[in-house]
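The values are calculated or read from the model by the stated rules, or taken from the named source; none is laboratory data. Remember, it's a predicted structure, so these values are computed and weren't measured experimentally. As a convention, Cβ positions derive from the backbone with ideal geometry for all residues, glycine included, and neighbour counts pool all protein chains shown.
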Amino acid sequence: MRDDEQEQSIYRDYRIILFALAIIASLFFIQPWYSSDEGFTSNLNYGLDLQGGSWLQVKLQGAVVQLDADSGLLIREIVKTNLGENVEIRTVEEREDGTTVIFTSGSMLTNNQIDQLGLGQATISRSNNITELTLHTSKVTLITRYLSDSLKAEVIPGLVSSGMQYEIRTAVSQEELEILMAVVEGSIVTDLNGEPIYREGVTVETRDLTKEILSDKLNSLGLKDIPVRTAGDDYIIIDFAGIDLATAKNIAERPGKFEIRIATQGNESMHVLYGDEIRAVSIVGYNDNDGQWYVPFTLTDAGALALQKAAIETGATRNPLSHNLIMYLDDREVYSAPLSHSAAARLEEVPIYSWQASTGPDEDSKARAEQLQIHLRAGALPVNVELVGSGQVDATLGKQFKEQAVLAGFLALFGVAFVIYRKYKKKGILVPMVATSVSEVIMILGFAAATGWQLDLASIAGIIAVIGTGIDHLVIITDEVLYEGKLPPKKVYLARITKAFSIIFAAAATTILAMSPLVFMGFGALKGFAITTIVGVLIGIFIARPAYARVIPEVLETNPNDTE
């Protein structure tokens with residue numbers, strides 16, 4: 001620097017130290033390597049279009065509908081289905097705060113039986129061998145329970161602007177619902193145009209929940225970063241980079257709707273809990289005391305209470321051998337066994353959180369235990385999914401895309417370098433400017449490697465876009481430094497750099513704001529492009545640009561002929 005200016009050594013400047021640490025950290029995460037056997041390798045993850053592989057599109061099975069029905073007939077069908085009793089409806093009173101139904105039965109119905117239905121508060125009286133019940137409930141509760149019993153599925157009511165809607169978490173057509181509701185003199189509610197308010201599919205909340213659970217389950221199987229994204233309201237797309245189509249379909253079939261039910265009477269059973277109430281699943285073990293292979297698993301608070309309640313209400317705690325706990329995966333039975341006598345006795349007093357599902361003493365039992373462990377881990381999907389589309393990208397084609405993407409990046413960098421040299425005709429400017437652009441690419445790749453982000457063609461396009469915007473910012477800094485064709489005094493230099501960075505931050509903020517909607521509203525390629533661009537801009541303005549602004553006057557002063 002000039003003699004009248006004392007400045008801290010460039011090697012001790014925090015901007016240079018931060019820049020160097022970022023480069024070192026990026027290389028550590030990328031771990032680039034070359035060997036004669038494998039060629040160039042790294043810790044980077046490549047997406048479907050750069051590595052080849054398969055993709056699957058699945059549809060979420062369900063229906064969203066608005067319904068109405070006769071409250072008295074709903075109770076009659078619910079009691080008949082769950083208790084096997086015929087009742088006579090006396091009066092039905094519909095009010096804003098709920099529904100009151102008075103009905104009678106020739107059988108001795110107990111408070112415990114009515115509470116088991118979960119319909120509301122009931123008052124029971126008996127006279128002349130006739131049981132009279134006064135039930136305080138709501139039509140929403142009655143319709144929800146009737147649908148759940150009839151379709152053996154979870155039904156979620158929700159209030160929307162047009163009224164009360166019911167999300168049925170299983171595949172059911174409009175015609176099937178109309179037949180089902182006709183039994184209770186009900187129907188599908190129509191809109192102002194007379195059209196039935198029925199839509200095949202699920203709610204956005206259920207779609208997003210299924211996507212998150214599916215993503216967790218697929219990646220928990222030991223597979224590396226499987227992207228799961230939504231497409232519309234009812235579809236989910238899964239990319240399996242580096243995996244052939246047959247293997248991808250096999251993997252996708254593992255997760256499913258896991259449910260535990262408890263036998264009631266005959267072949268009937270009632271819902272207890274879904275897989276999302278299973279907190280943890282441990283490794284398969286062998287019990288030396290009874291010589292049984294088993295799978296340990298732990299329930300959440302809600303799951304343990306639900307199991308205790310179901311066991312007491314069905315009588316499983318008093319007669320466990322007649323009330324098996326049955327586990328289903330995608331409505332297919334995968335395990336069935338009664339409660340142990342010790343567990344049944346304990347459930348009478350407190351809920352049990354830690355359980356062991358025993359399968360038997362031999363090697364086949366061990367294999368069944370290992371399979372059950374997978375089922376327990378693969379559950380928790382709230383709805384069933386149906387494979388509706390698939391495709392495959394050849395590995396050779398993916399390799400070709402990767403090579404072309406890298407070539408495009410180099411061409412972009414060389415093109416920018418040529419334009420910069422033509423503009424300034426100074427090596428002292430060209431070298432640090434190009435080096436800064438290359439360093440930004442390295443830091444973006446380091447971020448991708450550290451976070452497990454998959455690089456695809458859109459991400460490469462984002463990196464190329466970052467190179468362009470980065471060079472724009474560096475040109476602004478350089479023009480401010482060489483405003484009069486030479487390196488200015490320190491005070492003037494600092495003022496000009498401050499002005500340059502105010503422009504850069506404004507431009508960066510505009511870019512980030514423009515890309516942000518694509519992160520939250522877009523999917524697939526759009527989201528990857530947006531994230532890569534935003535990360536690149538942030539790395540540039542907080543790490544690369546400050547380092548360049550510190551280096552460029554140092555470089556130009558050591559090459560005085562270059563600044564004349």
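Things worth noting here:
- Number of the condition not met by residue 247 [criteria: (1) at pLDDT 75 or above; (2) over 21 Å from the mean Cα position of the chain (by Cα); (3) among the β-branched types (Val, Ile, Thr); (4) more than 30 Å from residue 317 (Cα to Cα)]: (1)
- Test result for residue 56, touching a residue at least 12 places away in the same chain (Cβ under 8 Å), touching a helix residue (DSSP H, G or I) at 6+ places or on another chain (Cβ under 7 Å) and surrounded by fewer than 20 Cβ atoms within 10 Å (Cβ to Cβ): no
- Within the set 99, 91, the sole residue that is over 30 Å from residue 245 (Cα atoms), touching a residue at least 24 places away in the same chain (Cβ under 8 Å) and not small (Gly, Ala, Ser) turns out to be 99.
- Selection within the range 140-159: residues that are over 18 Å from residue 385 (Cα atoms) and free of Cβ contacts under 8 Å to residues at least 24 places away in the same chain. The member of this set that is surrounded by the most Cβ atoms within 10 Å (Cβ to Cβ) is 144.
- Qualifying residue in the range 171-181 (condition: within 26 Å of the chain's Cα centre (by Cα), in a helix (DSSP H, G or I) and within 25 Å of residue 332 (Cβ to Cβ)): no
- The criterion of at least 2 residues that are within 28 Å of residue 361 (Cβ to Cβ), in contact with a strand residue (DSSP E or B) (Cβ under 6 Å, 6 or more places away or on another chain) and hydroxyl-bearing (Ser, Thr, Tyr) is met by the following strands (runs of 3 or more DSSP E) wholly inside the range 288-345: 292-299, 332-337.
- From 342, 365, residue being hydroxyl-bearing (Ser, Thr, Tyr) and touching a residue at least 60 places away in the same chain (Cβ under 8 Å): 365
- Scanning the range 141-164 for residues that are in contact with a Pro (Cβ under 7 Å, 6 or more places away or on another chain) and small (Gly, Ala, Ser) yields nothing.
- Applying the set (1) within 22 Å of residue 507 (Cα to Cα); (2) surrounded by 18 or more Cβ atoms within 10 Å (Cβ to Cβ); (3) out of contact with any Phe, Trp or Tyr (no Cβ under 8 Å at 6 or more places or on another chain) to residue 426 leaves exactly one unmet item: (1).
- When residues of the range 275-309 are limited to those that are modelled with pLDDT under 85, within 29 Å of residue 81 (Cα to Cα) and not charged (D, E, K, R), the one surrounded by the fewest Cβ atoms within 10 Å (Cβ to Cβ): 278
- Any hit, the range 464-480, residues being modelled with pLDDT under 80 and either surrounded by 21 or more Cβ atoms within 10 Å (Cβ to Cβ) or among the aromatic types (Phe, Trp, Tyr) (or both): no
- Per the conditions (1) part of a strand (DSSP E or B); (2) at pLDDT below 75; (3) surrounded by 15 or more Cβ atoms within 10 Å (Cβ to Cβ), the sole criterion not satisfied by residue 401 is (1).
- Scanning the range 501-527 for residues that are modelled with pLDDT of 85 or more, under 15 Å from residue 465 (Cα atoms) and small (Gly, Ala, Ser) yields 507, 508, 514.
- Top-ranked residue in the range 349-364 [being part of a loop (DSSP other than H, G, I, E, B) and under 28 Å from residue 152 (Cβ atoms); ranked as modelled with the lowest pLDDT]: 353
- When the range 1-44 is filtered for residues that are modelled with pLDDT under 75 and outside any strand (DSSP E or B), the ones remaining, listed by number, are 1, 2, 3, 4, 5, 6, 7, 8, 9, 36, 37, 38.
- Any hit, the range 365-387, residues being touching a His at 6+ places or on another chain (Cβ under 6 Å), at pLDDT 85 or above and not acidic (Asp, Glu): no
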